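The block underneath contains the structure these notes are about, expressed in structure tokens.
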Amino acid sequence: SKKVESEEAQMTKARFGIPLLAFLAVACSGSEPISGEVSYNLPDKLTEVSGLAVAGRDSVFTHNDEYAIIYEYRLSDGEQLRAFALGDPTLEGDFEGIATDQGRVFLVTSDGLIYSMLPGQNGERVAYEVYDSGIGPRCEIEGLSRAPTPGELLLMCKRFRNDSSDAL
């Protein structure tokens, strides 16, 4: 059975992601090149990348904003290793983050829907499960990360809905 947490507990976990992300942004914003820094030109099909997640020792998963297609890229040379899609036809939505945990891949929408699936083979359409985080009506989700505790995810809120503040 799946562990269900209260909305308050979920919001607390979502808030913990913000200082870490802010720290990473500050730490990575220096003008000095980072040793081993590499960049790749992404293909045209990845017009609005909304997240990165560890896929393997030398690869990451990424996705576009509007379609549930997940791409795996090798870090050493930028080669696409595989791409797999959720559903047939491919699921559409406002996808804002990706994470991996315990052999599964997770996508989250701005409304707080979390899609869970096993990674597919190249060209495969995979089955998925969807969970409602319960946060969507109160918060516009903008990021997803694996939590330090296995089996838990962190959601990042971009802004509260029906609130005058722009960001947390």
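Before moving on, here are some points about what is shown:
- Per-residue SASA entry for Ser59, accessible area with 1.4 Å probe, Å² rounded to 10: 10 Å²
- Rounded to the nearest Hz, the phi-derived 3J(HN,Hα) couplings of segment 48-53 under the Karplus curve 6.51 cos²θ - 1.76 cosθ + 1.60 (θ = phi - 60°) are 9, 5, 10, x, 9, 8, where x marks glycine and proline.
- For segment 82-168, the share of accessible area belonging to carbon and sulfur comes to 47 percent (1.4 Å probe, ligands and nucleic acids excluded).
- Think of segment 76-168 as a dipole: +1 on every Lys or Arg Cβ, -1 on every Asp or Glu Cβ, centred on the Cα centre; then among Ser133, Gly143, Ser76, Ser133 lies furthest on the positive end.
- For Leu75, distant residues with modelled amide H under 5 Å away: Ser59, Val60
- Residue ranking by accessible heavy-atom surface, 1.4 Å probe, largest first, among Val49, Val126 comes out as Val49, Val126.
- Cα gyration tensor of segment 62-168 - equivalent ellipsoid semi-axes, whole Å, descending: 25, 15, 14
- Label-point gap, in nm, between Leu81 and Asp44 - each point 7 angstrom along Cα→Cβ: 2.7 nm
- When the surface is traced with a 1.4 Å probe over the full set of protein chains, Leu155 keeps roughly 10 Å² accessible.
The values are calculated or read from the model by the stated rules, or taken from the named source; none is laboratory data. Remember, predicted model here, so these are calculated numbers, not experimental data. All Cβ positions, glycine included, derive from the backbone under ideal geometry; neighbour counts span all protein chains shown. Only protein heavy atoms, including side chains, enter the accessible area calculation; ligands, DNA and RNA are left aside. Shrake-Rupley method; radii C 1.70, N 1.55, O 1.52, S 1.80 Å.
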